[in-house]
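The values are calculated or read from the model by the stated rules, or taken from the named source; none is laboratory data. Computed from a predicted structure; not experimentally measured. Cβ coordinates were reconstructed from backbone atoms using ideal geometry, including for glycine residues, and neighbour counts include every protein chain displayed. Keep in mind that these areas ignore ligands, DNA and RNA; they rest on the heavy atoms of the full protein, side chains included. Shrake-Rupley method; radii C 1.70, N 1.55, O 1.52, S 1.80 Å.
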Amino acid sequence: MLDAAVRLVRQKGFAATTVDDLCAAAGVTKGAFFHHFPSKDALGEAAADYWSATTGALFASAPYHAHADPLDRVLAYLAFRRDLLAGDVSEFTCLVGTMVQETHASKPGIRDACDASISGHAETLEADIEAAIAGRGLEPDGWDAPGLALHTQAVLQGAFILAKAKGNAAVAAASIDHLRRYIELLFQSPGRTAHHE
């Protein structure tokens, strides 16, 4: 049921996805649905947690961790995110980003689960950003690792919205490219020039 929820909500949105839709997609009865979830909202919260676990495993094993330099790891993370922009828009956009846009004011349980997912993912970038700051002897003025990590997610979520609006991935890829250039500029120091993989 959680796989069905991830697929359908990414395609149709949370509000437009009915319990009947979920049951049909998962091949279960309504009785089976309500045996596992007391409400559609409860399924939404569980789907956000499931998304965090599933995508967390994907990113934990991704190749960008292999880079020796922490800034290269951050930039390779962005390249990895760009490489994921494949297939239909619903196949690469974010479940929790989709749900929180619809439910932030009306369903606090889902909102909080989505926040935990997005913020938790951002936190996985903080150590590399901190190490890149320290390794380059930077003293950031007005920004820090947690803020920059969250900013990456803001740009990605905005890129997904633009991809939905325009019906293609090109605008999302361009947004990630802009983000990469921004981060390269933040970390430029004498003797280091911006580069692209």
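A compact table of results
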| quantity | calculated |
| --- | --- |
| Of all residues in region 113-140 being of a type in the set (S, T, Y) and surrounded by fewer than 20 Cβ atoms within 10 Å (Cβ to Cβ), the one that is farthest from T98 (Cα to Cα) | T124 |
| Subset of region 25-54 that is open to solvent by 50 Å² or more (accessible area, probe 1.4 Å) and of a type in the set (S, T, N, Q) - its residue that is nearest to the chain's Cα centre (by Cα) | T54 |
| Pair list, Cβ under 6 Å, 6 or more apart: region 9-30 residue farther than 14 Å from A47 by Cα and free of Cβ contacts under 8 Å to residues at least 60 places away in the same chain, other residue loosely packed, with under 14 Cβ neighbours inside 10 Å and of a type outside the set (A, V, I, L, M) | C23/K30 |
| Failed item in (1) open to solvent by less than 80 Å² (accessible area, probe 1.4 Å); (2) among the aromatic types (F, W, Y); (3) closer than 30 Å to G87 by Cα, with W143 passing the rest | (3) |
| Residue match in region 150-167 (condition: in contact with a Cys (Cβ under 7 Å, 6 or more places away or on another chain) and open to solvent by less than 30 Å² (accessible area, probe 1.4 Å)) | yes |
| Selection from region 1-24 of residues that are open to solvent by 40 Å² or more (accessible area, probe 1.4 Å), outside any loop (DSSP other than H, G, I, E, B) and among the aliphatic types (A, V, I, L, M) | L2, A24 |
| Tally of residues being under 13 Å from T124 (Cβ atoms), touching a His at 6+ places or on another chain (Cβ under 8 Å) and among the hydrophobic types (A, V, I, L, M, F, W, C) across region 51-92 | 1 |
| Residues of region 95-112 satisfying the condition of being in contact with a Lys or Arg (Cβ under 9 Å, 6 or more places away or on another chain) and either loosely packed, with under 14 Cβ neighbours inside 10 Å or more than 14 Å from A15 (Cα to Cα) (or both) | A105 |
| Pair list, Cβ < 7 Å and 6+ apart or interchain, from region 161-190 residues that are part of a helix (DSSP H, G or I) to residues that are crowded, with 19+ Cβ neighbours inside 10 Å and of a type in the set (F, W, Y) | A172/F160 |
